[in-house]
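Below is one structure, written out as structure tokens; comments come after it.
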Amino acid sequence: MITRLNRFTGRHSPILLLTALSFFSMVMLIARVFFGGYIIHAYLVWNLFLAWLPLLFAIAAAANRHRPPLVIFWGLLWLLFLPNAPYLITDLMHLRPYAPVPIWYDAILLFSFALCGLLLALRSLSLMHSIATGRLGGLGGWLFVLSAAVLSSFGVYIGRFLRWNSWDVFANPGRLSADILAHMNSPFLMFKALVVVSLFSIVTLGAYLFWGARFPATPAVPPKADAR
């Protein structure tokens, strides 16, 4: 019984960790509303929901890794919604005093949601990295990780500073493209975008190197049995 429990927790430890941390964050938010006497930071609930979507899409892609059309379908959805996970980090900018709740409580609250978002992004990235490595090889897999980190960081920038959402790629593709091009025509805004995307990419890649060492993804192609 203990052996089976250890196997289960070892195999599903990232999901259990993410679920527990998300639950803890929600409890903190509910407690803040209860003791503060008014609703604030309610946007965190929606942002956390969006942050879980990339992981669900990555799990779906991993479950269909032997069906290329489905891998591409779920993989594109994963990449499109991936910025929603690290986007939670930018919610730290909302930290300011709101009486009667002390600011240190809000600091822990916002950080717990930001940590959820970062870890959700890392876990989903590790699953997609496994799939990419199985099809593209080791170097191709890491190039995939690098590309995903940069594109995700650019998505965070678009979401935070241009205020567009992932689904606007389908709902308002023309206005989205025009807004991005207009934004990039300004040298100052272009420099700002490069700095933000670069910093987010470095943080994502650095955190991913640590996450991959702690919670390696299941190999996309199981090793062959030794010949007898």
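The values are calculated or read from the model by the stated rules, or taken from the named source; none is laboratory data. Keep in mind the model is a prediction, meaning the values are calculated, not measured. All Cβ positions, glycine included, derive from the backbone under ideal geometry; neighbour counts span all protein chains shown.
Taken together, Phe200, Phe210, Phe215, Phe170 contain a single residue that is modelled with pLDDT under 90, under 22 Å from the mean Cα position of the chain (by Cα) and surrounded by 14 or more Cβ atoms within 10 Å (Cβ to Cβ), which is Phe215. Residue count for segment 93-139 under the criterion of being farther than 17 Å from Ala207 by Cβ, basic (Lys, Arg) and either in contact with a Pro (Cβ under 8 Å, 6 or more places away or on another chain) or not in a helix (DSSP H, G or I) (or both): the result is 1. Being in contact with a helix residue (DSSP H, G or I) (Cβ under 6 Å, 6 or more places away or on another chain) and at pLDDT 95 or above is true of Val156.
Looking at (1) at pLDDT 95 or above; (2) under 28 Å from Val196 (Cβ atoms); (3) of a type in the set (Val, Ile, Thr), find the lone condition where Ile40 falls short. All conditions pass for Ile40, except number (1). Once segment 45-89 is narrowed to residues that are touching a helix residue (DSSP H, G or I) at 6+ places or on another chain (Cβ under 6 Å) and small (Gly, Ala, Ser), the residue that is nearest to Arg160 (Cα to Cα) is Ala85.
For segment 28-69, filtering for residues that are surrounded by fewer than 17 Cβ atoms within 10 Å (Cβ to Cβ), assigned to a helix (DSSP H, G or I) and over 21 Å from the mean Cα position of the chain (by Cα) leaves 8.
Pairs are defined by a Cβ separation below 6 Å, a sequence spacing of at least 6 or placement on different chains, a first member in segment 181-197 that is surrounded by 13 or more Cβ atoms within 10 Å (Cβ to Cβ), and a second member that is of a type in the set (S, T, N, Q); the pairs so defined are Val197/Ser153.
If the condition is being assigned to a helix (DSSP H, G or I) and without any contact (Cβ under 8 Å) to a residue 24 or more places away in the chain, then segment 146-175 contributes Ser147, Leu162, Asp168, Phe170, Ala171, Pro173, Gly174, Arg175. Exactly one residue out of Phe73, Phe144, Phe154, Phe81 is crowded, with 21+ Cβ neighbours inside 10 Å and either on the phi < 0 side of the Ramachandran plot or not charged (D, E, K, R) (or both), and it is Phe81.
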